[in-house]
């Protein structure tokens with residue numbers, strides 16, 4: 001078994017889908033212990049928004065459970081632009097596994113997310129000059145990777161200066177401008193170090209180790225049945241998707257405008273929006289539920305907006321049978337899974353990098369497709 005520790009559900013699903021691509025039976029565990037029947041177990045600690053101490057505690061516990069379940073090696077998934085409690089969690093996993101060094105490679109070059117000389121770029125632009133600078137929870141106000149994370153408490157952290165050697169007591173942040181760079185770094189990994197980073201580094205490690213068998217992407221037909229999209233982010237990608245669906249006359253429902261100012265979303269108001277969504281689903285095949293408000297910079301208000309969307313979605317799903325559910329945004333997907341009580345999910349397909357379809361344990365006819373808010377839905381079926 002291979003273990004993955006991710007700080008949110010979309011990260012866990014993204015790596016689970018990569019494992020599926022390599023022919024591994026992959027499961028996502030939100031609560032409880034690994035089942036011991038999967039080839040790849042991705043544990044969601046749901047700790048991105050936690051305080052450092054709590055995030056470290058959850059990461060260490062996940063490492064302990066994975067090792068007890070027989071994981072041969074463990075990968076620490078981090079956000080590709082280093083949001084969350086990256087340093088605290090990496091250090092906690094290193095301590096739990098008694099490892100003295102780590103290689104951190106968050107870049108995803110195929111998505112235009114690269115690191116050069118310790119500076120992060122998104123499609124050629126310095127990270128702090130992109131929309132990530134306005135992230136309500138973790139604004140990226142520098143492109144220097146060492147300024148994007150907190151200083152370690154126990155270990156030292158430095159950027160690779162051209163050399164590939166890792167010494168004890170070091171968390172090394174590696175440059176990567178291409179998939180070839182990622183592949184070359186796999187040769188620096190051994191059993192005495194913690195590999196950590198983004199999705200593409202994990203894929204490179206699986207490819208280098210010949211883990212599983214490579215499978216072709218499964219052609220998926222989304223034309224039949226009801227589709228319910230739950231868009232809990234206000235990213236540029238989300239706004240473009242919703243606007244395109246409006247142009248195609250897809251029913252789109254948004255939150256009341258006053259919620260952007262911090263107003264209360266009463267139970268009666270939630271029920272009213274849910275009723276409108278259900279009425280539309282009764283007569284159509286696809287419905288979009290989105291925040292639909294201007295981007296809010298106040299982290300507490302922005303967090304509540306995503307939660308409000310999920311409150312409506314939960315009522316819809318408990319009243320109408322929908323087998324194809326699509327959730328955009330890590331916090332949105334995680335809150336939906338919590339509210340629906342889904343503790344374990346199995347990866348059944350990968351629609352595109354970062355876009356995974358999961359079967360719900362106990363009712364595998366219910367398919368949940370999730371993706372990070374900054375990624376795009378596959379164009380071939382949107």
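Read the figures in this text as sums done on the coordinates, not as results from a lab. Nothing here was measured: the structure is a model prediction, and the numbers come from that model. Every residue, glycine among them, receives a Cβ derived from its backbone with ideal geometry; neighbour counts consider all protein chains shown.
Quick look at the numbers
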item: Stretch gain in nm, segment residue 276-residue 318, where the contour uses 0.36 nm per residue and the Cα spacing is subtracted; result: 13.7 nm
item: Relative contact order [Cα under 8 Å, 6+ residues apart], the chain, whole percent; result: 20 percent
item: Value of relative contact order over the range 2-208, rounded to a whole percent, pairs C-alpha under 8 Å and six or more apart; result: 23 percent
item: Mean separation of Cα contacts under 8 Å, 6 or more apart, over the residue count of the range 227-371: relative contact order %; result: 29 percent
item: Given [x] 34; [y] 39; [z] 53, the label whose value is percent of Cα pairs over 31 Å apart derived from this model; result: [x]
item: Separation between Cα centres of the range 153-201 and the range 73-102, rounded to whole Å; result: 12 Å
item: Mean Cβ neighbour count within 10 Å, used as a protection proxy, ranking 48-58, 193-203 highest first; result: 193-203, 48-58
item: Value at 222 nm in deg cm²/dmol, rounded to 500, when DSSP H runs of n ≥ 4 in the chain each add -39,500 (n - 2.57); result: -10000 deg cm²/dmol
item: Highest-MSF residue in the chain out of 176, 272, 160 [GNM, Cα springs under 10 Å]; result: 272
item: Label-to-label distance, nm, for residues given as residue 36 and residue 184 (7 Å Cα→Cβ offset); result: 4.4 nm
item: Ranked by how many other beta carbons lie within 10 Å on average, peptides 237-244, 334-341 from highest; result: 334-341, 237-244
item: Estimated FRET transfer efficiency (residue 61, residue 116; beta-carbon r; R0 35 Å; 0.05); result: 0.45
item: Distance in nm between pseudo-label sites at residue 352 and residue 72 (7 Å out along the Cβ direction from Cα); result: 3.3 nm
item: Inter-centroid distance (Cα atoms) of the range 277-355 relative to the range 253-271, Å; result: 16 Å
